[in-house]
1. Given the options Gly318, Gly335, Gly301, Gly296, name the one that is touching a residue at least 12 places away in the same chain (Cβ under 8 Å) and touching a Gly at 6+ places or on another chain (Cβ under 8 Å).
2. Identify the residue in region 309-355 that is assigned to a loop (DSSP other than H, G, I, E, B) and among the acidic types (Asp, Glu) and, among all such residues, is surrounded by the most Cβ atoms within 10 Å (Cβ to Cβ).
3. With respect to Gly296, determine if the residue is part of a loop (DSSP other than H, G, I, E, B) and under 30 Å from Thr53 (Cβ atoms).
4. Scan Asn58, Asn95 and give me the residue that is away from the ligand (no atom under 16 Å from the Cβ), farther than 30 Å from Glu198 by Cβ and touching a residue at least 40 places away in the same chain (Cβ under 8 Å).
5. Can you tell me which of (1) closer than 25 Å to Thr209 by Cβ; (2) touching a residue at least 24 places away in the same chain (Cβ under 8 Å); (3) among the polar types (S, T, N, Q) is the one Asn237 doesn't meet?
6. Given Gln175, Gln185, which one is modelled with pLDDT under 95 and more than 16 Å from the ligand (Cβ to nearest atom)?
7. Quick one: what pairs do we get from region 21-46, first residue of a type in the set (Lys, Arg), second part of a loop (DSSP other than H, G, I, E, B), C-beta under 6 Å, 6+ apart or different chains?
8. Can you name every residue in region 292-303 that is loosely packed, with under 15 Cβ neighbours inside 10 Å and farther than 24 Å from His241 by Cβ?
Amino acid sequence: MTEDGMEKTYTCTAPVNIAVIKYWGKRDEDLILPINSSLSVTLHQDQLKTTTTVAIGNSFQEDRIWLNGKEEDISHPRLQSCLREIRRLARKRRNDADPGVDSTGLTHKVHICSINNFPTAAGLASSAAGFACLVYTLAQAFGVEGELSVVARQGSGSACRSMYGGFVQWLMGHQSDGKDSLAQQHRAESVVPGRMVEMIKAVHSKDFTEFAELTMKDSNQFHATCLDTYPPIIYLNRVSHQVINLVHRYNHHYGETRVAYTFDAGPNAVIFTLEQHIPDFIQAVRHFFPPETNGGEFIKGLPVPHADLSEELKIAIGLEPMPKGISYIISTKPGPGPCVVRDPTQHLLGPDGLPKNTVRHHSPETDTVAKHKNGY
Ligand code: 2P0
């Protein structure tokens, strides 16, 4: 809060999630209701996160939003859905609790400023972290509690899963108003069909082999579905296919499934493995995708100890090396859901309600509040 108490400022962070049973296809485009349930792993915010500041001020003329340094169009329908829902819940809460409660903040406009600490590269789920963070921060600002994944879902489907940490399930629900289409931190009793049942069993019994195989099969099926649409949607490139080959040959060499890949709506691979296999697998990646010698760091995020690669493994994999095929690897681990940032120096908006360090003016050529994974 600023000194005159007229403005309230809140900052929160939210994580990226990677689906291992993927969401693809909607039964309702406006409410964003999926045709199947999905399951994801929330990644740690030390490596990948969105930070959002929301200020509510009686001097603001209109709602405004700045994304990654540029002012964007607040009238985007998905942003409007989230704002409308949070304001509706805030009004309902105040009316329910005490009709006399001061609700002046509800008539005030908001300024929103949001940044990612990771590149908005294809398949890195920036819309999931972005909308989860937006909804979580708006909820703080408007004093809204309760099941917020239903609101985040209306920004971007996968965003509802970023409202929790660890393994998260998005239940497709059956109601036409979408009230039962929500995320929950993993629960065994939910009844879901097919591969999801097997995945839930694998997660509960900590069966990495089963988890890894189901993850790869679901990724392959998702990309097969994309290829089987007309015209086809092609997300994977030559490097993606080489990574798939590398993983299968690596696992085959060791006679067990140590590593799994999954790909979202883009060519970037997300690799799951157990901690003890990280140095060896990374070394294999480095050997078959030799990095640029003068480029930046090849491994970002959590440090990875060095390992020596055996000649047997190199021969068993036997792929033609692809120099610079991979620019870098972000090493991370599962992590918690959204967090409130208490330190006021971390607010992205200053006491005047404008971004502290970013471009303040709207530039039409960057008017890309995208409805896909690569944008907000
Ligand atoms: C997921 N993806 O479960 C899947 C896997 C991509 C691959 O969420 O709700 O279709 O329209 O913002 O853009 C794709 O995201 O979702 C997605 P909406 P969109 O993570």
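The values are calculated or read from the model by the stated rules, or taken from the named source; none is laboratory data. Since the model is a prediction, treat every value here as computed from it, not as a measurement. Cβ: placed from backbone, ideal geometry, glycine included. Neighbour counts: every protein chain shown.
1. Answer to the check: Gly335.
2. Our first condition is that a residue be assigned to a loop (DSSP other than H, G, I, E, B); within region 309-355, this holds for 309-310, 318-328, 332-333, 335-338, 342-343, 347-348, 350-354.
Narrowing further to those that are among the acidic types (Asp, Glu): 320, 343, 352.
On the way: Glu320: 6, Asp343: 7, Asp352: 13.
Among those that are assigned to a loop (DSSP other than H, G, I, E, B) and among the acidic types (Asp, Glu), it is Asp352.
3. Yes: the conditions hold for Gly296.
4. When all the criteria are applied, what remains is Asn58.
5. Asn237 satisfies every listed condition except (1).
6. Gln185
7. Qualifying pairs under 6 Å: Arg27/Ile35.
8. Thr293, Asn294, Gly296, Glu297, Leu302, Pro303
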